[in-house]
Amino acid sequence: MGILSKKDAALILDPLADNNPITIQVLGICSALAITAELEASIVMAVSVLFVMGMGNVVISLMRNIIPSKIRIIVQLVVVATLVIVVDQVLKAFAYELSKTLSVFVGLIITNCIIMGRFEAFALANGPKRSFLDGIGNAAGYGFILIVIGFFRELLGSGTLLGIKVLGDPIEKTGLYAFGYENNGFMLLSPMALIVVGLIIWVQRSRNPALIEEN
């Protein structure tokens, strides 16, 4: 028998595929649009949400029997805000320049509908272990999409990955032929993130027709 049961493993694997928070549940789109022009920012945001959602789910689960129902949303906000402050302080200490780039968006993790949704729908009704796995799974599914978007936007928009030049600079055109790569500035605009998300959704539904909604 493995470490995780089939049901527990599904809590991690399902959000990575057929129940992805962004492509299936259409949640967390704002951050996908705002911070994915650079791969590094996408990775840092993904790791930040992984920490906040994993730990937050555990804390809410441990407190689920003592939280009055009338103030549960306030308690959830206090928990996620505390964890976000921890993330923000760590970024300022070890990656100050990046923390300035992500400053507003790290704060907006507090109102990320994926996190609040998992607190409300899962952590309040399940034990710490399953809540942790659910948080890690949904955060990983969210982060995976951010990283994919960030990869293509930075590569095609700037010709770099993690700030390292990958695609060569364009050189002089000769006749009908041109060598090198001309950066596509459109990829750095926020609407292009939405187009990349749309392409990911198209690929996902092409692979699994069961995900296609009936008219």
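Counting just the residues of the range 107-137 that are surrounded by 14 or more Cβ atoms within 10 Å (Cβ to Cβ) and among the basic types (K, R), which one comes out nearest to P21 (Cα to Cα)? Filtering the range 107-137 for residues that are surrounded by 14 or more Cβ atoms within 10 Å (Cβ to Cβ) and among the basic types (K, R), the one nearest to P21 (Cα to Cα) comes out as R118.
Among the conditions (1) under 24 Å from I60 (Cβ atoms); (2) free of Cβ contacts under 8 Å to residues at least 40 places away in the same chain, I164 misses just one, which is (1). Of all residue pairs spaced 6 or more apart or on separate chains, those with beta-carbon atoms under 6 Å, a first member in the range 106-130 that is farther than 10 Å from S61 by Cα and a second member that is part of a helix (DSSP H, G or I) and of a type in the set (F, W, Y) are I114/Y142. Look at the range 6-22: where a residue is touching a residue at least 60 places away in the same chain (Cβ under 8 Å) and a partner is among the basic types (K, R), sitting 6+ places away or on another chain with Cβ atoms under 9 Å, you get D8/K129; D8/R130; L11/R130; P21/R118.
Taken as a whole, the condition of being closer than 19 Å to G198 by Cβ, among the charged types (D, E, K, R) and assigned to a helix (DSSP H, G or I) applies to E154. From the list V104, V78, V86, V49, the lone residue that is among the aliphatic types (A, V, I, L, M) and surrounded by 21 or more Cβ atoms within 10 Å (Cβ to Cβ) is V49.
Any read-out appearing in this document is the output of simple, stated calculations on the displayed coordinates, not a laboratory observation. Just so it is clear, the model here is predicted, and its values are computed rather than measured. Cβ sites come from the backbone with ideal geometry, for glycine too, and all protein chains shown count toward neighbours.
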